[in-house]
Each structure stands twice: as structure tokens, then as C-alpha cells.
Amino acid sequence: MELKLTGSIKTICEVQTGTSANGEWKKVTFVIANTDGYEGREQIFAFDIFGAEKVEDFIKYNKVGRTVEVSYNIRTNEYNNKYFTSLAAWKVFGAESATTEPVAEVAGVEDDLPF
């Protein structure tokens, strides 16, 4: 199941690094906001991006205020009988590029009109 959200980047947090049993890791958290809430109220979503290359690309191509479309997964981990849920972003594109394709191609519908 692919989940997507579109919104404006509100915050890009400091890059975090560390070492685990699997080696070194790098992570950045960013927050997007949109007005899809009840009666147009602003809602915010915090996403995590893991991996050195992905983090560097995100920082390189994005800034606060940019409107993006985020594809993500919901992850829940358990540690000492406590559960932690996060939104793990795996693709971030500028929303402008997502809307420049013709609607017929995006929807997978062919235009079979005779004119």
C-alpha cells in the first residue's frame, strides 16, 4: 500500500547520526503542513528519512517553504514493551513536478476521442 501526502515543508530538523549493531546510520526528520484538516485547518506530519545518501539528497534539493509530495510507510517498532510509530518517507518530489503530467497519462486512461 502506497501512502502519499502533499504539503509545504515547515521544518527540517538537524541531521542525526549514530552507530547500531548494523553499523553507522544517518537520519533527518522533516515536517510538512497542509490544510486538509477539518474545515481547512492546518495539520502537520513529521517524516523520517534514513540512509546517508537519501539524507544528503533530501537536504540538497529541499528547503523550508517548498511544496512536496511525500510517499511514505507507517512503521511501528517495539522496545521494552513500548511501541513507537513513525512515518518513514521513501520518496519526496516537488509537488510542481507531480502535477505537470497530463491527467490522462497519470490516471492510466487513454484519450480515445475522435478529434
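The values are calculated or read from the model by the stated rules, or taken from the named source; none is laboratory data. Predicted model only: the values in this text are computed from it and were never measured. So basically every Cβ, Gly included, is an ideal-geometry build from the backbone, and we count neighbours across all protein chains shown.
Output the residues belonging to the range 59-84 that are touching a residue at least 40 places away in the same chain (Cβ under 8 Å), surrounded by fewer than 12 Cβ atoms within 10 Å (Cβ to Cβ) and assigned to a strand (DSSP E or B).
Answer for the range 59-84, where residues must be touching a residue at least 40 places away in the same chain (Cβ under 8 Å), surrounded by fewer than 12 Cβ atoms within 10 Å (Cβ to Cβ) and assigned to a strand (DSSP E or B): just Ile74.
To keep it simple, each residue is scored yes or no on (1) surrounded by fewer than 11 Cβ atoms within 10 Å (Cβ to Cβ); (2) modelled with pLDDT of 95 or more; (3) in contact with a strand residue (DSSP E or B) (Cβ under 8 Å, 6 or more places away or on another chain).
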| position | (1), (2), (3) |
| --- | --- |
| Gly7 | no, yes, yes |
| Thr19 | yes, no, yes |
| Asn22 | yes, no, no |
| Trp25 | no, no, yes |
| Ile44 | no, yes, yes |
| Asp48 | no, yes, yes |
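State yes or no: is Glu96 under 22 Å from Lys10 (Cα atoms), charged (D, E, K, R), loosely packed, with under 12 Cβ neighbours inside 10 Å and at pLDDT below 95?
Against the criterion (under 22 Å from Lys10 (Cα atoms), charged (D, E, K, R), loosely packed, with under 12 Cβ neighbours inside 10 Å and at pLDDT below 95), Glu96 qualifies.
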* To do: Confirm whether Gly51 is touching a residue at least 12 places away in the same chain (Cβ under 8 Å) and over 17 Å from Gly94 (Cα atoms).
  => yes
* Find the residue count for the range 27-42, including only residues that are at negative phi and either loosely packed, with under 13 Cβ neighbours inside 10 Å or part of a loop (DSSP other than H, G, I, E, B) (or both). => 6
